[in-house]
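Asks: Structure provided below as structure tokens; questions to follow.
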Amino acid sequence: MKVLAIETSCDETAIAIVEAEGDEQSAQFRVLGNALLSQIEIHKEYGGVFPALAKREHAKNLVPILEAALEEAELLHEDTQAIPEETREKIVKLLEREPGLEEQFLEFVSECEAPEIDVIAVTTGPGLEPALWVGINFAKALALLWNKPLVAVNHMEGHILAALLSEEKRGEEFSISNLQFPILALLISGGHTELVLMEEWLSYKLIGQTRDDAAGEAFDKVARMLSLPYPGGPEISKLAEELREAGEASEFTLPRPMLHDATCDFSFAGLKTAVLNLLKTRADITARERQHLAREFEDAVADVLWKKSARALEDTGAQTLVLGGGVSANTHIRREFAHKMKVEHPGVALRLPSPALTTDNAIMIALAGFYRARRQDFAADIRANGNRSLSS
Ligand code: KG4
Ligand code: ZN
């Protein structure tokens, strides 16, 4: 099955074409085409993602990204296509709210053959609704034109599946197989921090979640307080690593919110406030202090994430722990989890996403699209749902 997947939930416009075969026990994947355009540079100015701007950028970039992905997959064949008037009208209706997209779209599709793909998968949530809608309407227009079924993918399911992927042949072939259930997923991104249990394939139970900020959001907010650019995670990580490499401990102490509380829930707002209060006590922060604060903040986040995951492993008896979402790119968190799993839970498998697949991409959406399509989970009229949960 060839899946064309579209991701526009936040600030990455991404389209991937993945060939997949196998079943839920063992599946093999080959990435045929993968095009991604990050808007980070544009949002940097605002210190975070600005939804109206994200939507405009997605609309501007979807056609060139589609062209690049099809080209890489060798699925782009030039040919003049006559688009039936009725179809054209429907496409215009779908795309007219995005200035410029409709003309760009019609021009492109009228000059190429329908590609040999079997299904179109698109992220419908969670994420920024205006951004999600651009991808959804684009997917609907393609599905209509090329007469392909549509799958509505949950972005967080994509993150989990990306982390379960093993590389078979460098950067080309992947598989998902030999999974030990139950699987516990720690999802840590800009909008989410949750522990989810998969007792059976693709069925989820929420074990714990943040009561306020997401882990990535805390990284981004603290980075902003330290006058570091957006996204803050990689910036804080860099500073903290410098101090670790120098073998220096942090001179600051920050709280580990809810560390000893009996639930698997998280809270990061207090940690953020503690950093703010600390900064208020000094007029100017030196480069050295910034490093020390970055390290202590990162240590505190890693401690809390680990303790809650360990508690959830004990509570659920999970046999696999998987980390997903942008924050799982964090070097310190990855190292800490790898070490602590070996020492404290040697019988449980740890799966970490490859660094290239930690942050948002369309390959992960294609994986979810494949499994959902196998279950005939098709939908013609799909909608954006900014708060979509894993159980819907
Ligand atoms: O999953 P993702 O790409 O987008 C969402 O779905 O939210 O996650 C983005 C988040 C941002 O908050 C970013 O600061 C964080 O992931 N992030 C990191 C690192 N790389 C990205 N946080 C900590 N350390 C990193 N190396
Ligand atoms: Zn994400």
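Asks: Restricting to segment 203-224, what's the tally of residues that are more than 20 Å from MET258 (Cα to Cα) and either in contact with a helix residue (DSSP H, G or I) (Cβ under 6 Å, 6 or more places away or on another chain) or of a type in the set (Lys, Arg) (or both)?
Replies: 4
Asks: Could you identify the single residue in ARG383, ARG351 that is more than 30 Å from ALA139 (Cα to Cα) and touching a residue at least 24 places away in the same chain (Cβ under 8 Å)?
Replies: Result of the check over ARG383, ARG351: ARG351.
Asks: Quick check on my filter: what residues within segment 326-371 are of a type in the set (Gly, Ala, Ser), farther than 22 Å from ILE15 by Cα and more than 16 Å from ligand 1 (Cβ to nearest atom)?
Replies: GLY347, ALA349
Asks: Within segment 11-25, is there a residue that is within 16 Å of ligand 2 (Cβ to nearest atom), in a loop (DSSP other than H, G, I, E, B) and either surrounded by 14 or more Cβ atoms within 10 Å (Cβ to Cβ) or free of Cβ contacts under 8 Å to residues at least 24 places away in the same chain (or both)?
Replies: Yes, segment 11-25 contains at least one residue that is within 16 Å of ligand 2 (Cβ to nearest atom), in a loop (DSSP other than H, G, I, E, B) and either surrounded by 14 or more Cβ atoms within 10 Å (Cβ to Cβ) or free of Cβ contacts under 8 Å to residues at least 24 places away in the same chain (or both).
Asks: What number of residues within segment 256-278 satisfy the criterion of being part of a loop (DSSP other than H, G, I, E, B), over 28 Å from the mean Cα position of the chain (by Cα) and over 14 Å from ALA310 (Cβ atoms)?
Replies: The first filter runs over segment 256-278 and keeps only residues part of a loop (DSSP other than H, G, I, E, B), leaving 256-265, 267-268.
Pick out the ones that are also over 28 Å from the mean Cα position of the chain (by Cα) and you get 260-262.
Of the ones still in play, those that are also over 14 Å from ALA310 (Cβ atoms) are none.
Residues that pass the stated criteria total 0.
Yes/no matrix, rows are residues, columns are (1) farther than 22 Å from PHE370 by Cβ; (2) in a strand (DSSP E or B):
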residue: ALA162; (1), (2): no, no
residue: GLU168; (1), (2): no, yes
residue: ILE176; (1), (2): no, yes
residue: LEU187; (1), (2): no, yes
residue: GLY191; (1), (2): yes, no
residue: GLU194; (1), (2): yes, yes
residue: MET198; (1), (2): no, yes
residue: LEU206; (1), (2): yes, yes
residue: GLN209; (1), (2): yes, yes
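Asks: Let me ask something else. Looking at segment 178-208, which of the residues that are within 16 Å of ligand 1 (Cβ to nearest atom) and under 14 Å from GLU157 (Cβ atoms) is surrounded by the most Cβ atoms within 10 Å (Cβ to Cβ)?
Replies: That would be ALA185.
Asks: Go through segment 320-352 and count every residue that is within 15 Å of ligand 2 (Cβ to nearest atom) and either more than 11 Å from the chain's Cα centre (by Cα) or assigned to a helix (DSSP H, G or I) (or both). It would help to see each step written out before you state the result.
Replies: Of segment 320-352, the ones within 15 Å of ligand 2 (Cβ to nearest atom) are 322-330.
Applying the additional criterion that residues be either more than 11 Å from the chain's Cα centre (by Cα) or assigned to a helix (DSSP H, G or I) (or both) yields 322-323, 326-330.
Qualifying residue count, segment 320-352: 7.
Asks: Checking the conditions here, which among THR273, THR281, THR358, THR286 is β-branched (Val, Ile, Thr), in contact with a helix residue (DSSP H, G or I) (Cβ under 6 Å, 6 or more places away or on another chain) and within 30 Å of MET225 (Cα to Cα)?
Replies: THR358
Asks: Mind checking which residues of segment 297-324 are within 14 Å of ligand 1 (Cβ to nearest atom) and closer than 23 Å to THR273 by Cβ?
Replies: PHE297, GLU298, ASP299, ALA300, VAL301, ALA302, VAL304, LEU305
Asks: Would you confirm whether or not segment 310-319 contains a residue that is under 21 Å from SER227 (Cβ atoms), in a helix (DSSP H, G or I) and in contact with a helix residue (DSSP H, G or I) (Cβ under 7 Å, 6 or more places away or on another chain)?
Replies: No, that holds for no residue.
Just so you know, all these numbers are worked out from the coordinates, no wet-lab data involved. No experiment lies behind these values; they were computed from the predicted model shown. Here Cβ is always computed from backbone atoms with ideal geometry, including for glycine, and neighbour counts include all displayed protein chains.
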